[in-house]
Amino acid sequence: YTQEVPNLGVTTSSFWIKIEIENKTKFSNLLLNLEYPILDQVDFYSISFEGKIDSISTGEYMPFHHRIHNDPNYIFDINIPQNLTKKFYLKIKSGEQILVPLILGSPTSLYETILNKNTLFGLYVGIMIVMLFYNLFIFFSVRDKIYLFYVVYLIMVALTQTHLQGYTFKYLWPNSPWMAIHSMFLTPSLVGIAIAEFIKVFLKTKENVPILHKGLNIISSVYIICILLGLFGYHNESQKIIHLNAMAISLYGLFIAIKISRQGFRTAKFFLIAWTIFLIGVCVFILKDFGVLPFNNFTTYMMPAGSALEVVLLSFALADRINILKKEKEESQLEMLIALQENKNLITEQNIVLEKKVHERTQALEVANIAVSYTHLTL
């Protein structure tokens, strides 16, 4: 296989991979890390020098506690004396994209790498949790439904990213292989629907771009179809459509943001910046899955990094929304005060005119009364 990390695509086929390892290190006990935790089934075969075959079965189709090593990735013990070569085989099958990134190293170096990964991803989860509670607090303070939509969106994005790294299976549903396998199409589809709904509310698409608003409904409908396909067992078909639909909503959301920002809608400009960053992450991740870009730390973690920056920037945009609403409220109150003052001035002027007319009428009556009295006296 010519690629450094084999990319076997989305397929119903099973793949056999032959691995020959010659130990030129000073360690006889090594670890082989298959750094792709979302594979459904992984069978590892080790052939001893005497020809005996030992096998280990693992993957998302089994409860998490069956794994030898307590890690989302698939880690296998490799025992090879120095300067000797040993053969191993992997059998892999999955309903989603199949990538085979293999890393061989000593237990110390491998677990140091895992610790760094856990620390970085813990930072990502921390940012998402902080943003979640921050926006939830604002929702209960101002009772604006857009913050509730955003909280739902945050939850779905965080679940999708943690699933792709294998942490949801380890921490949330370790005894549910069904959830582990089906999360691959459930969480991306739900986050896509959440994105579409959030765009509708945040950018007021129904009022600003009614025709494009209908397009978001179509995208959400496609995600619902993906969920149904996955639930009925068409995992591969669901995954292929999800990838295409993810690209579609990413570009479509960008187009809507550009169009609305040109109309002078200030909030759309914040969204445009945040969405562009997230879009870059999504595109890099999907191009990695399609084999256009290589599998490495950059392409793997670009989407979590992009989503973290996006949620922070969108939180700033939502905070700015409060300032806009506050300014609009102040302007409305000022207009009301001006209108009240104008009404007061008008009433005052009317009262003055009325008093003047009453005074004139009174004088006219007094003159008339005097005239009548004088006539009577004359008579």
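The values are calculated or read from the model by the stated rules, or taken from the named source; none is laboratory data. As the structure is a computational prediction, the values presented were derived from the model and not from experiment. Here the Cβ positions follow ideal geometry from the backbone for every residue, glycine too, while neighbour counts run over all protein chains shown. Surface accessibility is based on the protein's heavy atoms, side chains included, excluding ligands, DNA and RNA. Shrake-Rupley method; radii C 1.70, N 1.55, O 1.52, S 1.80 Å.
The rows are residues; the columns are (1) part of a helix (DSSP H, G or I); (2) farther than 23 Å from Ile146 by Cβ; (3) among the β-branched types (Val, Ile, Thr); (4) in contact (Cβ under 8 Å) with a residue 24 or more places away in the chain.
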{"position": "Ser189", "(1), (2), (3), (4)": "yes, no, no, yes"}
{"position": "Glu207", "(1), (2), (3), (4)": "yes, no, no, no"}
{"position": "Ile211", "(1), (2), (3), (4)": "yes, no, yes, no"}
{"position": "Ser220", "(1), (2), (3), (4)": "yes, no, no, yes"}
{"position": "Tyr223", "(1), (2), (3), (4)": "yes, no, no, yes"}
{"position": "Ile227", "(1), (2), (3), (4)": "yes, yes, yes, yes"}
{"position": "Ile242", "(1), (2), (3), (4)": "yes, yes, yes, yes"}
{"position": "Asn245", "(1), (2), (3), (4)": "yes, yes, no, yes"}
{"position": "Ser250", "(1), (2), (3), (4)": "yes, no, no, yes"}
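Considering segment 159-182 alone, what residues qualify as being crowded, with 20+ Cβ neighbours inside 10 Å and touching a residue at least 60 places away in the same chain (Cβ under 8 Å)? Reasoning before the result, please.
Our first condition is that a residue be crowded, with 20+ Cβ neighbours inside 10 Å; within segment 159-182, this holds for 159-166, 168-169, 180-181.
Passing the criteria: Gln161, His163, Leu164, Gln165, Gly166, Phe169, Ala180, Ile181.
Can you name the condition, by its number, that Ser55 falls short on among (1) farther than 29 Å from Leu293 by Cβ; (2) in contact with a strand residue (DSSP E or B) (Cβ under 6 Å, 6 or more places away or on another chain); (3) part of a loop (DSSP other than H, G, I, E, B)?
(3)
Restricting the search to segment 277-291, which residues are open to solvent by 20 Å² or more (accessible area, probe 1.4 Å), at pLDDT below 80 and either in a helix (DSSP H, G or I) or among the acidic types (Asp, Glu) (or both)?
Cys283, Phe285, Leu287
Being β-branched (Val, Ile, Thr), at pLDDT below 90 and touching an Asp or Glu at 6+ places or on another chain (Cβ under 8 Å): is that true of Thr267 here? Step through it out loud before you land on a result.
Details: β-branched (Val, Ile, Thr): yes; at pLDDT below 90: yes; touching an Asp or Glu at 6+ places or on another chain (Cβ under 8 Å): yes.
Considered against the rule, which asks whether it is β-branched (Val, Ile, Thr), at pLDDT below 90 and touching an Asp or Glu at 6+ places or on another chain (Cβ under 8 Å), Thr267 comes out as yes.
So how many residues does segment 49-83 have that are free of Cβ contacts under 8 Å to residues at least 40 places away in the same chain, open to solvent by 30 Å² or more (accessible area, probe 1.4 Å) and hydroxyl-bearing (Ser, Thr, Tyr)?
The number of residues fulfilling the criteria is 2.
Glu4 fails exactly one of the following numbered conditions: (1) loosely packed, with under 14 Cβ neighbours inside 10 Å; (2) farther than 18 Å from Asn73 by Cβ. What is the number of that condition?
Failed condition: (2).
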